[in-house]
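The values are calculated or read from the model by the stated rules, or taken from the named source; none is laboratory data. Just so it is clear, the model here is predicted, and its values are computed rather than measured. Cβ: placed from backbone, ideal geometry, glycine included. Neighbour counts: every protein chain shown. Side chains are part of the model used for accessible areas, which takes the heavy atoms of the whole protein and leaves out ligands, DNA and RNA. Shrake-Rupley method; radii C 1.70, N 1.55, O 1.52, S 1.80 Å.
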Amino acid sequence: MTNGLRERSDSPSLHKSALRLRISSNRRDHEVLGEDVFRRIFCWERKRAERSSRCFLLMFVHVESILQANQSERTLSEIVSAISSATRETDIAGWYREGAILGVIFTEIREEGRKALASLTPPKVMALLRSKLSPEQLDQIRISFHCFPENWNTTSIGRLANAKLYPDLFERDEARKFSRFMKRSMDIVGSTAALILFCPLFVLISMAIKLTSKGPILFKQERVGRYGLPFTFLKFRSMKCTNDPRIHREYVKRFIAGEKDSPEVSHNQNVVYKIQNDPRVTRVGKFLRKSSLDELPQFINVLKGDMSLVGPRPPIPYELEGYQIWHRRRVLESKPGITGLWQVNGRSRLKFDDMVRLDLQYAKTWSLWLDIKILLRTPRAVLFGAGTY
């Protein structure tokens, strides 16, 4: 799987063999779906699991090495026969990568049963393969398992999701290859121009922070980028150096749960999903947050490629602990950004679920023109301070 999801084998004989295998396999009730159909079903199952939280298991049988060495229809037929004998009638088998990786989707698995299935199935498949293949052939086969919904270990942050297991996103990115190149070019030009233009402001803000409170000028924090890759997020420091992080942790729990910050809000007032009157914020910091000037150092993140000018806001690792399964798509669909649909559509006056829906809408309908429209609407949202606290 190291050469890309859409890669095909270079051997025409393997393609013909795979095609004939599907026909002969069907005669023996061993149906092997083609790559496009299997991937489409896999993506449907993955999205359904994200919504319903009902598990399924994906088994990969890496056969590229053995097929390149043998190029035999009989060898491939024996492998498919062994896999079919180890699966249920409701499981789905097909090519994840034609001529290289066979996949099996074990559907409708209970949470407590997926570990048992993952531990019992490989020995069963290997035993069946051992009865049909030589030891040399067996050594060329590798089996791997992937559970969905994935268990994200937020305590040891790293790549939380394997991009190769999201072929729909990969293919969408490939279809937008030129547009994405233009987006990155716009990020580089825009962030460079902003850093030059706001250079005097950088100096003035740095002096104001240094003269009014102890501590560094920049606030650095680990955030989660696309597919869970961590990066160092930059802001102008708006809080005192010694503060209690539990305040924000508790706010995050309430925000994701859809609870307002203040316990009493009248019918005529807008509900605010934001920490108000935060005791940790300095006097200068309050102004910086209200004017969004504390965000200016993020142009450095954009220039480095960690972020984009437009995209979902990057979460803090502990925020992921409160995410529902479907919330995770906001860190899978797009690279994080400085501004986005959430910022120009109400900001802190929107519930978390609404923010996620806007992020997913942005990813689904993304275009360069949409980015330009959001960028043009951002100054007005900043100047009028809609949803800023």
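Annotations for the structure displayed:
- Any hit, the range 143-160, residues being assigned to a helix (DSSP H, G or I) and not polar (S, T, N, Q): no
- Within the range 327-342, the set of residues being open to solvent by less than 20 Å² (accessible area, probe 1.4 Å), outside any loop (DSSP other than H, G, I, E, B) and either of a type outside the set (Ser, Thr, Tyr) or modelled with pLDDT under 90 (or both) comprises HIS327, ARG330, VAL331, GLY337.
- Of the helices (runs of 4 or more DSSP H) entirely within the range 165-231, those holding at least 2 residues that are small (Gly, Ala, Ser) and surrounded by 12 or more Cβ atoms within 10 Å (Cβ to Cβ) occupy 177-197, 199-212.
- Looking across the range 108-132, the residues that are open to solvent by 20 Å² or more (accessible area, probe 1.4 Å) and at pLDDT 80 or above come down to ALA127, LEU128, ARG130, SER131.
- Inter-residue pairs, beta-carbon under 8 Å, first without any contact (Cβ under 8 Å) to a residue 24 or more places away in the chain and over 14 Å from LEU288 (Cα atoms) and in the range 208-224, second outside any loop (DSSP other than H, G, I, E, B) and among the β-branched types (Val, Ile, Thr), 6+ apart: LYS220/THR232
- Boolean, SER65 is on the phi > 0 side of the Ramachandran plot and modelled with pLDDT of 70 or more: no
- Selection status of PHE287, modelled with pLDDT of 90 or more, open to solvent by 60 Å² or more (accessible area, probe 1.4 Å) and not in a loop (DSSP other than H, G, I, E, B): yes
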